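Single-structure report; data block below.
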Amino acid sequence: MKNFLSLLKYIKLFKRNVILYFVSIIASIVFSIVSLAMLFPFLEIIFSTSSAKVPKPDHFELNSAYILGYLKYQISEIISQHSAVYALGVVCVFIVVSIFLKNLCLYLSYVVLTPVRNGVGTYVREDLFGKILQLPIGYFTEQRKGDLMSRLTNDITEIEMAVSSSLEGFIKEPLTVIFYLSLLFVLSPKLSLVLLLLLPIGGFVIGTVSKTLKKQSNIAAEKFSEALSVVEETLSGLRVIKAFTAEGFIFSKYKKSNQELFNVRNKINLRKDIASPLSETLGIIMLSIILWIGGSMILEQKGIGLNGSAFITYIAIFSQIINPSKSLSSAFYAMQKGSAALIRVNQVINAENPVNDNASGKKLDTFSDKIEFKNVGFSYNNIPTLQGINLTVKKGQTIALVGSSGAGKSTLADLVPRFHDVTSGSIFIDGVDIKEYNLHSLRKQISIVTQEPILFNDTIANNIKLGVQDAEESKIEEAAKVANAYNFIEKKEERFEANIGDRGSKLSGGERQRLTIARAILKNSPILILDEATSSLDTESERLVQDAINKMMQNRTTIVIAHRLSTIKHADEIIVLNKGEIAERGNHSQLIEHNGIYKKLVEMQELK
């Protein structure tokens, strides 16, 4: 229950619906009680052998004697003025009208509840997705995509169901039980006291059975995310799987996860499905006890304030408590499952974000001087990745980062747009620590082209204008021309409105890369970070892409993560990283003369 308090902020958005739900539920209960109360006059008419007129009770009292006496008086009035058959017809019509109004109010309660259930799920999903977008890149290195997808889909569905069940189970059903119990106490306090003593026993049994449901639901969610991760990885790497004839291995991996999910869900359903029959059985046991005690008291004339007709009415009203009790236990089980799902969702929503966006910080509107790294260090999981980095990149310069795999090149470049924050030292842009800038304004000044083209299943135009949503068509076309992408776009039937498929699967490698360059050109940021974009292309595509890169680099400050060293000979400064430290620095000629790590790397590539 404590976990569900975090949902109150979403439910508050639907205060009006909750109030209307509350009112409509009370109305439906009242009409239900009225229809059942009419069972007493119905039985009195059928079984009565006396035609004597019943006197009207003197003054109002909230007890069974007054209520039953008043109903008898009304029946005798109708019978004396018309007939017993006519009175019977009046009672039947009254019952039908009451049941109709009860169900109308019940339907209205569902109408106002639906937006609450779906709305809570919608807003939780939006908050979760928003937090995923805010979290730093480092967070996702330890998270499976399938697990995050599971939280966005399966877990949110569980929360929606739990919200619906909880509102029904903890508003509708308790109100129903309270109203019916109150009426039963009015009719016969003695019998109702016995009933009140029996109810906690049923609650204890149901609570004991459901204890492990929350834990098992959490395990099921984890197994579901594992299976989803296998599916996501399979779809992404299908070409490799088929090339290495690994279908059998991947299938067995998925089958194992799926079977584990099957077993856990079976255990959950066995416990969840026992709620209804268990509560019904307990209800029938209590009903039988009440029948025996009440019947014995009536037969032995021990004075419980009820005759035969009134006792049958009492039993009929009591029977209406069984279904709400069943629903209450089912709601409790649903809440346990929903609670496990909510914990998983809140783990992401409440995850600490070490990169503060500093929304009220300084705005970086223009880049006019230099980028400075002062004694910068970065550690991941307490393992140093970079240390003692001192570097100045002046406006208009091209700086290349080289080194063996794992030397820290990408990490160093990622610190500029604050994909990660430094763990020691500082980075300054135009003399101001980048942490003091508004994060959005900082990243507006930076464009990035990665080695692997990152595109989305959308149109060419929408992929190019990703960073400039209000870009004019002419500007998009101009960016495509500078990126050497216009010619292949023109050949497509829908031109810029052509869909490029999942991750740009309908385009060649060179075409995909030229689109990412067009995207960076359209953004027109003064600082450019290049994770060398030509290393995996054929000769012709490489020439077109490199030409586009050269155009894009003009009049921009560029940090190049270099893989092919032949492409950085004209860089203003080459930084050689080794084990997270700057091992060498200088231009191409100086480093060749130095005869150190850089020269060895160049010679190794020339031998290939």
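The values are calculated or read from the model by the stated rules, or taken from the named source; none is laboratory data. Everything quoted here is computed from the prediction, not taken from an experiment. Every residue, glycine as well, gets a Cβ built from its backbone with ideal geometry; the counts of neighbours run over all protein chains shown.
Is there a residue being surrounded by 20 or more Cβ atoms within 10 Å (Cβ to Cβ), in contact with a Leu (Cβ under 7 Å, 6 or more places away or on another chain), at pLDDT below 75 and farther than 19 Å from Glu372 by Cβ anywhere in region 537-547?
Looking for residues that are surrounded by 20 or more Cβ atoms within 10 Å (Cβ to Cβ), in contact with a Leu (Cβ under 7 Å, 6 or more places away or on another chain), at pLDDT below 75 and farther than 19 Å from Glu372 by Cβ, one finds at least one in region 537-547, hence yes.
Among the residues of region 551-608, how many are buried (at least 18 other Cβ atoms within 10 Å of the Cβ), of a type outside the set (Ser, Thr, Tyr) and within 19 Å of Asp414 (Cα to Cα)?
Of the residues in region 551-608, 13 are buried (at least 18 other Cβ atoms within 10 Å of the Cβ), of a type outside the set (Ser, Thr, Tyr) and within 19 Å of Asp414 (Cα to Cα).
Do any residues in region 365-380 that are among the hydroxyl-bearing types (Ser, Thr, Tyr) have Cβ atoms under 6 Å from those of residues that are at pLDDT 85 or above, where the two are at least six apart or on different chains, and which pairs are they?
Listed pairs, sorted by first residue: Ser368/Asp430; Ser379/Thr423.
Here's the yes/no breakdown for (1) modelled with pLDDT under 80; (2) crowded, with 16+ Cβ neighbours inside 10 Å; (3) more than 28 Å from the chain's Cα centre (by Cα):
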{"site": "Val91", "(1), (2), (3)": "yes, yes, yes"}
{"site": "Phe94", "(1), (2), (3)": "yes, yes, yes"}
{"site": "Val97", "(1), (2), (3)": "no, no, yes"}
{"site": "Leu101", "(1), (2), (3)": "no, yes, yes"}
{"site": "Thr114", "(1), (2), (3)": "no, no, no"}
{"site": "Val124", "(1), (2), (3)": "no, yes, no"}
{"site": "Leu128", "(1), (2), (3)": "no, yes, no"}
{"site": "Glu142", "(1), (2), (3)": "yes, no, no"}
{"site": "Leu148", "(1), (2), (3)": "yes, yes, no"}
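Can you find a residue that is over 30 Å from Lys506 (Cβ atoms), of a type outside the set (Ser, Thr, Tyr), touching a strand residue (DSSP E or B) at 6+ places or on another chain (Cβ under 6 Å) and crowded, with 19+ Cβ neighbours inside 10 Å anywhere in region 443-464?
yes
For region 111-157, how many residues meet the condition of being under 19 Å from Leu7 (Cα atoms) and among the aromatic types (Phe, Trp, Tyr)?
2
Would you call Ala485 small (Gly, Ala, Ser) and in contact (Cβ under 8 Å) with a residue 60 or more places away in the chain?
Yes, satisfied.
What pairs come out if I take residues in region 432-457 that are farther than 18 Å from Glu372 by Cβ and pair them with residues that are part of a strand (DSSP E or B) whose C-beta lies under 6 Å away, six or more apart or interchain?
Cβ pairs passing all conditions: Ser447/Leu528; Ile448/Ile529; Val449/Leu530; Thr450/Asp531; Gln451/Asp531.
Within region 178-193, is even one residue crowded, with 21+ Cβ neighbours inside 10 Å, among the charged types (D, E, K, R), in a helix (DSSP H, G or I) and out of contact with any Phe, Trp or Tyr (no Cβ under 7 Å at 6 or more places or on another chain)?
no
In region 554-584, which residues are over 19 Å from Leu528 (Cβ atoms), over 43 Å from the mean Cα position of the chain (by Cα), in a strand (DSSP E or B) and touching a residue at least 24 places away in the same chain (Cβ under 8 Å)?
Result: Val576, Ile582, Ala583.
Within region 551-578, can you find the residues that are at pLDDT 80 or above and basic (Lys, Arg)?
Of everything in region 551-578, just one residue is at pLDDT 80 or above and basic (Lys, Arg), namely Arg556.
Going residue by residue through region 418-433, is there one that turns out to be crowded, with 19+ Cβ neighbours inside 10 Å, of a type in the set (D, E, K, R), touching a strand residue (DSSP E or B) at 6+ places or on another chain (Cβ under 9 Å) and closer than 30 Å to Pro384 by Cβ?
Within region 418-433, one or more residues are crowded, with 19+ Cβ neighbours inside 10 Å, of a type in the set (D, E, K, R), touching a strand residue (DSSP E or B) at 6+ places or on another chain (Cβ under 9 Å) and closer than 30 Å to Pro384 by Cβ.
Of these, Ile517, Ile489, which one is in a helix (DSSP H, G or I) and in contact with a Phe, Trp or Tyr (Cβ under 8 Å, 6 or more places away or on another chain)?
Going through Ile517, Ile489 in turn, the sole match is Ile489.
Filter region 245-258 down to residues that are surrounded by fewer than 12 Cβ atoms within 10 Å (Cβ to Cβ) and modelled with pLDDT of 70 or more and give me whichever is nearest to Asp147 (Cα to Cα).
Among those that are surrounded by fewer than 12 Cβ atoms within 10 Å (Cβ to Cβ) and modelled with pLDDT of 70 or more, it is Ser252.
Return the residue satisfying two criteria in turn: it lies in region 104-151 and is in contact (Cβ under 8 Å) with a residue 60 or more places away in the chain and not in a helix (DSSP H, G or I), and of such residues it is nearest to Gln347 (Cα to Cα).
Taking the candidates together, the pick is Leu135.
For region 465-484, enumerate the residues that are outside any helix (DSSP H, G or I), surrounded by 15 or more Cβ atoms within 10 Å (Cβ to Cβ) and at negative phi.
Lys465, Leu466, Gly467, Val468, Ala471, Ala483
Yes/no per residue for (1) in a loop (DSSP other than H, G, I, E, B); (2) within 28 Å of the chain's Cα centre (by Cα); (3) of a type in the set (Asp, Glu):
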position: Ile427; (1), (2), (3): no, no, no
position: His440; (1), (2), (3): no, yes, no
position: Arg443; (1), (2), (3): no, yes, no
position: Phe456; (1), (2), (3): yes, yes, no
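I'd like to check something: does region 169-177 contain any residue that is crowded, with 19+ Cβ neighbours inside 10 Å, assigned to a helix (DSSP H, G or I) and either under 18 Å from the mean Cα position of the chain (by Cα) or of a type in the set (Gly, Ala, Ser) (or both)?
yes
For Ala461, are the conditions met, namely being over 19 Å from Leu528 (Cβ atoms), in a helix (DSSP H, G or I) and of a type outside the set (Val, Ile, Thr)?
Yes; evaluated as a whole, the condition is true for this residue.
For region 25-41, state whether one or more residues are small (Gly, Ala, Ser), modelled with pLDDT under 65, in a helix (DSSP H, G or I) and crowded, with 18+ Cβ neighbours inside 10 Å.
No, region 25-41 contains no residue that is small (Gly, Ala, Ser), modelled with pLDDT under 65, in a helix (DSSP H, G or I) and crowded, with 18+ Cβ neighbours inside 10 Å.
Those residues that are farther than 18 Å from Asn353 by Cα and of a type in the set (Ser, Thr, Tyr), I need them from region 412-430; list them, please.
Ser426, the sole residue that qualifies.
Which residues, taken from region 355-368, are exposed (fewer than 13 other Cβ atoms within 10 Å of the Cβ) and under 33 Å from the mean Cα position of the chain (by Cα)?
Scanning region 355-368 gives Asn356, Ala359, Ser360, Lys363.
Hey, any hits in region 369-390 for a residue that's modelled with pLDDT of 85 or more, loosely packed, with under 14 Cβ neighbours inside 10 Å and under 23 Å from His588 (Cβ atoms)?
Yes, because at least one residue in region 369-390 is modelled with pLDDT of 85 or more, loosely packed, with under 14 Cβ neighbours inside 10 Å and under 23 Å from His588 (Cβ atoms).
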